1. I need a count of the residues in the range 106-128 that are under 11 Å from the mean Cα position of the chain (by Cα), in a helix (DSSP H, G or I) and free of Cβ contacts under 8 Å to residues at least 40 places away in the same chain.
2. I'd like the full set of residues that are of a type outside the set (A, V, I, L, M) and touching a helix residue (DSSP H, G or I) at 6+ places or on another chain (Cβ under 9 Å), limited to the range 84-104.
3. Farther than 17 Å from residue 116 by Cα, of a type in the set (Lys, Arg) and modelled with pLDDT of 95 or more, is that true of residue 79?
4. State which residue is modelled with the highest pLDDT when the search covers only the range 82-97 and only residues that are within 15 Å of the chain's Cα centre (by Cα) and buried (at least 16 other Cβ atoms within 10 Å of the Cβ).
5. Test residue 141 against the stated conditions and say whether it is within 27 Å of residue 58 (Cβ to Cβ), in contact with a Cys (Cβ under 6 Å, 6 or more places away or on another chain) and either touching a residue at least 40 places away in the same chain (Cβ under 8 Å) or not in a helix (DSSP H, G or I) (or both).
6. Going through 61, 24 one at a time, which residue ends up being among the β-branched types (Val, Ile, Thr) and at pLDDT 60 or above?
Amino acid sequence: MTVVCFIPCGRALQFARRGILCATPAIQADRISLESDDAMSSLKWLKHAFAVDAAAPRGPTAEQSAVIDRLCREIVRRRLTTPAVIYLEMSRPLGFVAAQALHFFTPLISALTDSEGHRHFAEFLESRHAIDFLLDRLHAIERDESLPSRRETEEARRESDHTP
């Protein structure tokens, strides 16, 4: 006797293991019996259903890196590094949502900016480690930009000490 039930996806696997046909939107499975060796092999597709990116950070492509550098240099040039860091840290969990919003608003934004750069930046934000890379790049550019001004300040101080 075959029993057909309409259940939420979370319980579908339990019923499938018992040999009950589950008719859910996500799982359209045939009757599965535990007596056969194919019972677990037919559920292999479920193994990686909720997989996420690897733990190792993936760097941006060359096009993405050029767009990120241009954005970070503009932030540092306007001296908005601290507010940018605060904003990026606060919005860290919403990085993927922000990327999807950028994709959604592509027609509007492409009228105002470079559409290819915008697309590369949106694709970069989809990565789990995008915010960390942006923060590191902002700090590196700020450190590089501040080094010449520190040298100039030290040289001016030395010159003023040597003048009578």
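The values are calculated or read from the model by the stated rules, or taken from the named source; none is laboratory data. Treat the numbers as computed from the prediction; the structure is a model and nothing was measured. For neighbour counting, all protein chains shown are included, and Cβ atoms are generated from backbone atoms with ideal geometry for every residue, glycine included.
1. Here is the first cut: in the range 106-128, the residues under 11 Å from the mean Cα position of the chain (by Cα) are 121-128.
Now narrow it down to the ones that are in a helix (DSSP H, G or I): 121-125.
Okay, now just the ones that are also free of Cβ contacts under 8 Å to residues at least 40 places away in the same chain, so 122, 125.
Qualifying residue count for the region: 2.
2. The answer is 89, 91, 92, 95, 96, 100, 103.
3. No; evaluated as a whole, the condition is false for this residue.
4. Going through the qualifying residues, I end up with 88.
5. So residue 141 passes the test.
6. Going through 61, 24 in turn, just one is among the β-branched types (Val, Ile, Thr) and at pLDDT 60 or above: 61.
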